[in-house]
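Working notes, beginning with the structure itself.
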Amino acid sequence: MKTQEQSSILKEEVPKNKTGLLDKYKQEPKKEVTKEATKLPKPTGWRMLVLPFRMKEKTDGGIIMGTETIDRQQVASQCGNVLAMGPDCYNDKDRFKDGPWCKVGDWVVFARYAGSRIEIEGGEVRLLNDDEILATVQDPTDILHKY
């Protein structure tokens, strides 16, 4: 014969509604969502992190560019957006008498294959030295991007 204590244990073990693993998923702590910016490398010293310009997938004439073409263009790009700067960027007063050549958020022009390429999800970023910046531009689409 079952005692009242044993029957209450059996009732707790067998759920009335079979939910499978749903109860286990509810018990797991939710993962904290990280911002994409925290995944990017932080430049050190006189280096800066630049995101190369990526052309539109569709031209003004309606031609849809292939993924390979867009990726090749991004690798050979000479224009990019400054995402972050190292602590020593433009601190050398002898070399940069007029102050910094650019700041975070500026569109800059650099040599075609300058800097170190770092692959990230969705493309690549470049680590450039502060003296590798050739110019700043207002709009990267004003520059003809060839690959």
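From Glu132, Glu57, grab the single residue that is surrounded by 13 or more Cβ atoms within 10 Å (Cβ to Cβ) and not small (Gly, Ala, Ser).
Glu132
Please go through the range 107-136 and give me each residue that is over 26 Å from Thr67 (Cα atoms) and not polar (S, T, N, Q), ordered by number.
Asp130, Asp131, Glu132, Ile133, Leu134, Ala135
Checking the structure you have, find out if any residue of the range 80-89 is part of a loop (DSSP other than H, G, I, E, B) and either at pLDDT below 55 or under 15 Å from Arg126 (Cβ atoms) (or both).
yes
Answer yes if at least one residue in the range 56-68 is under 16 Å from Thr141 (Cα atoms) and among the polar types (S, T, N, Q), and no otherwise.
Checked the range 56-68: at least one residue is under 16 Å from Thr141 (Cα atoms) and among the polar types (S, T, N, Q).
Between residues in the range 102-128 that are in a strand (DSSP E or B) and among the polar types (S, T, N, Q) and residues that are at pLDDT 90 or above and surrounded by 12 or more Cβ atoms within 10 Å (Cβ to Cβ), which pairs lie under 8 Å by C-beta distance while being six or more apart or on different chains?
Ser116/Arg126; Ser116/Leu127
The values are calculated or read from the model by the stated rules, or taken from the named source; none is laboratory data. Nothing here was measured: the structure is a model prediction, and the numbers come from that model. Neighbour counts run over all protein chains shown; Cβ positions are idealised from the backbone, glycine included.
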